[in-house]
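Notes follow once the structure below has been shown.
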């Protein structure tokens, strides 16, 4: 009897050891969960919301929220953005990771470092730290989140990128409108003005941080979704942005979906947008 018990214990612990290996096909999956985790890569730290399904071998959709201005709101924004993309995603076997990147004390675009840190952590460390196997990686962002995933696509190749209403497209135009009192002032333009002076004084600095300046060298296929009832500021530069992206000679596939009658959140409201989103992921 004692030998039998010892044999069973040995069998159990050998099985547990095997289940720690990434290629263990016979291991039982762990439970699904949602957690907030602070990750660090190359000295840059950022909070991420992780929504894991039952399975431990996963494709991952990493999402980036839109502008909320104040950093005490970014975790809620990350949660809401994760929920928004999860609602339109047809698959239930993908893990979603939402990046709570900071905004409040940074110039537009400086938080790219935090978005990049999250992506590189997912690629290089998540499997070991979470005990999972990461297969395909997709990036998806809304508004400023779309701006970030588009810029990340010029730096790193993933399996695909989706950007809904990405912006700001043209900070020279936007901030000039604010200075002239034609639209309300924003923290984005105020901080740029404090650093560089107005867009009339230093337009190059403003354009360097505009998405219009990042329309080439896309390393992954990318789907752009834009509601044509979005704000006039967004739509003013949208045709120029499309033309510049389509003229790219060193980019992977670029797909544009314009949605008449829909506004800034068109991807989450339009059946055509949801269909295109899921087909894009399914075919890559």
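Some observations on this one:
- Modelled this way, with points 7 Å down the Cα-to-C-beta line, the labels at residue 275 and residue 229 are 1.9 nm from one another.
- For q = 0.14, 0.20, 0.23, 0.26 Å⁻¹, Debye-computed log10 I/I(0) when each Cα of region 192-282 counts as one equal scatterer: -0.63, -1.03, -1.16, -1.25
- Highest to lowest packing among 114-124, 31-41, scored as the average C-beta count within 10 Å: 114-124, 31-41
- FRET E, pair residue 242, residue 183, Förster distance 30 Å, beta-carbon r, rounded to 0.05: 0.85
- Between helix 271-282 and the chain: long-axis angle, C-alpha atoms, 0 to 90°, nearest 10: 50 degrees
- Comparing 203, 184, 53 in a Gaussian network model of the chain (Cα springs below 10 Å), the most mobile by mean-square fluctuation is 184.
- Computed from Cα atoms, the angle from the helix 2-19 axis to the main principal axis of the chain rounds to 20 degrees.
- Principal-axis analysis of the Cα atoms of the chain puts helix 112-124 at an angle of about 20° to the longest axis.
- Residues considered: 246, 111, 42. Largest GNM mean-square fluctuation over the chain, using C-alpha springs under 10 Å, is found at 42.
- Annotation for residue 136 and residue 157: the two label points, set 7 Å from Cα along the Cα-Cβ direction, are 1.6 nm apart.
- Computed [θ] at 222 nm, helices only, for the chain once each DSSP H run of length n ≥ 4 contributes -39500 (n - 2.57): -12000 deg cm²/dmol
- If you sort the three axes of the alpha carbon gyration tensor as a ≥ b ≥ c, you get a/c of 1.5 or more for region 135-256 and a/b above b/c, which makes it prolate.
Rule-based calculations on the coordinates, nothing more; no lab input. Only a predicted model underlies this, so the values are computations on that prediction, with no experimental measurement involved. Here Cβ is always computed from backbone atoms with ideal geometry, including for glycine, and neighbour counts include all displayed protein chains.
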